[in-house]
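Here the structure comes first, spelled out in structure tokens, and everything after it is commentary.
The values are calculated or read from the model by the stated rules, or taken from the named source; none is laboratory data. Keep in mind that this is a model prediction, so the values were computed, not measured. Neighbour counts run over all protein chains shown; Cβ positions are idealised from the backbone, glycine included.
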Amino acid sequence: MRECISVHVGQAGVQIGNACWELYCLEHGIQPNGTMPSDKTIGGGDDSFNTFFSETGAGKHVPRAVFVDLEPAVIDEVRNGTYKQLFHPEQLISGKEDAANNYARGHYTVGKEIIDLVLERIRKLVSSSFSALKIVPL
């Protein structure tokens, strides 16, 4: 089985990612809290959702994804949105202030503060995946 890890960066990435995970849940019959109806009639017994979701011991399905933005407002939309229970809090990473559309500020100052945390969260996701063979940038 192949597993896919998604990394959503910046305002656009986080907003597109949030919509994408909402669509994945609708397609596979996963509720906003990460649970799946026991009859699985929506998915028709298909377990292809395991490519994008990992299952916890409690039976909750959690996206294999990390959301990152220097400015907390967009991440807070995910934290407080309809699918807030779907994501583990460690998957939602935000800084304290944005880079004000300044690449150098984002790369060398503000972004430098959270890069180690982001890399650690991605490392955890990769190590918990069974078939993490390669990383393909999209």
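With the condition kept exactly as written, say whether any residue in the stretch 81-90 is part of a loop (DSSP other than H, G, I, E, B), touching a helix residue (DSSP H, G or I) at 6+ places or on another chain (Cβ under 9 Å) and among the acidic types (Asp, Glu). Checked against the condition, which is being part of a loop (DSSP other than H, G, I, E, B), touching a helix residue (DSSP H, G or I) at 6+ places or on another chain (Cβ under 9 Å) and among the acidic types (Asp, Glu), the stretch 81-90 yields no hits at all. Selection of the stretch 91-129 for residues being among the hydrophobic types (A, V, I, L, M, F, W, C), within 22 Å of GLY59 (Cα to Cα) and in a helix (DSSP H, G or I) yields LEU125, VAL126.
Scanning the stretch 28-51 for residues that are surrounded by fewer than 16 Cβ atoms within 10 Å (Cβ to Cβ) and modelled with pLDDT of 90 or more yields GLN31, PRO32, ASN33, THR35. SER129 fulfils the conditions (1) over 21 Å from ASN18 (Cβ atoms); (2) modelled with pLDDT of 85 or more; (3) small (Gly, Ala, Ser) except for a single criterion, (2). When the residues of the stretch 1-27 are filtered to those that are more than 30 Å from HIS107 (Cβ to Cβ) and in a helix (DSSP H, G or I), which remaining residue is modelled with the lowest pLDDT? Looking at the filtered set, the residue picked out is GLU27.
Here LYS96 meets each of (1) surrounded by 12 or more Cβ atoms within 10 Å (Cβ to Cβ); (2) over 21 Å from LEU125 (Cα atoms) with one exception, condition (1).
Filtering the stretch 99-122 to residues that are surrounded by 15 or more Cβ atoms within 10 Å (Cβ to Cβ), charged (D, E, K, R) and closer than 12 Å to LEU70 by Cα leaves only ARG105.
One residue stands out in the stretch 52-87 among those that are loosely packed, with under 13 Cβ neighbours inside 10 Å and among the hydroxyl-bearing types (Ser, Thr, Tyr): the one that is modelled with the highest pLDDT, namely THR82.
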